[in-house]
1. Starting from residues that are part of a helix (DSSP H, G or I) and touching a helix residue (DSSP H, G or I) at 6+ places or on another chain (Cβ under 6 Å), keep the ones in the stretch 41-59 and report whichever is surrounded by the fewest Cβ atoms within 10 Å (Cβ to Cβ).
2. Among the residues of the stretch 80-108 satisfying the criterion of being under 19 Å from residue 66 (Cα atoms) and in a helix (DSSP H, G or I), which is modelled with the lowest pLDDT?
3. Condition check: surrounded by 10 or more Cβ atoms within 10 Å (Cβ to Cβ) and not assigned by TED's automatic domain parsing to the domain that holds residue 58. Does residue 148 satisfy that?
């Protein structure tokens, strides 16, 4: 029997749609136990168990951070030493550090977004104030022009001798 499978086969074994499996593979790559590279990459049967666990946790309404914490508690992580002291997939060491929750991961991004939105709102309010000021100035100019036009019209209505002999 085959001890490695394609990712599509792993998704069938886990009873999840292939598209969902790909999403989980992107979100939790450390728990995708595999051999080979690129198109020849094959996955171990344990990956189906991991995908099933992820699916069950997500169905229970767990956040991505909570799923990460649970996975790090239940399964060894794929990490190996690379040249230069860096770590890469395929070693079976247990991760014991706490994985940040969704809130921990999203808070800095949300704060940055909030700051940018506040700046944008301030700029928009300044533009509105400038336009209001311009509108008020144009209304004043319009009123002056209407008065001047009224005076000219009144002058035009006078008989010709009143125009000459003021």
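1. Let us first name the residues in the stretch 41-59 that are part of a helix (DSSP H, G or I), namely 45-59.
Pick out the ones that are also touching a helix residue (DSSP H, G or I) at 6+ places or on another chain (Cβ under 6 Å) and you get 47-48, 50-52, 54, 57.
Values: 47: 26, 48: 21, 50: 22, 51: 25, 52: 14, 54: 26, 57: 19.
Across the stretch 41-59, the extreme among qualifying residues is 52.
2. Residue satisfying both the conditions and the ranking: 102.
3. The answer is yes for residue 148.
The values are calculated or read from the model by the stated rules, or taken from the named source; none is laboratory data. As the structure is a prediction and not an experimental result, all values here were calculated from the model. Note: ideal-geometry Cβ built from the backbone for every residue, glycine included; neighbour counts use all protein chains shown.
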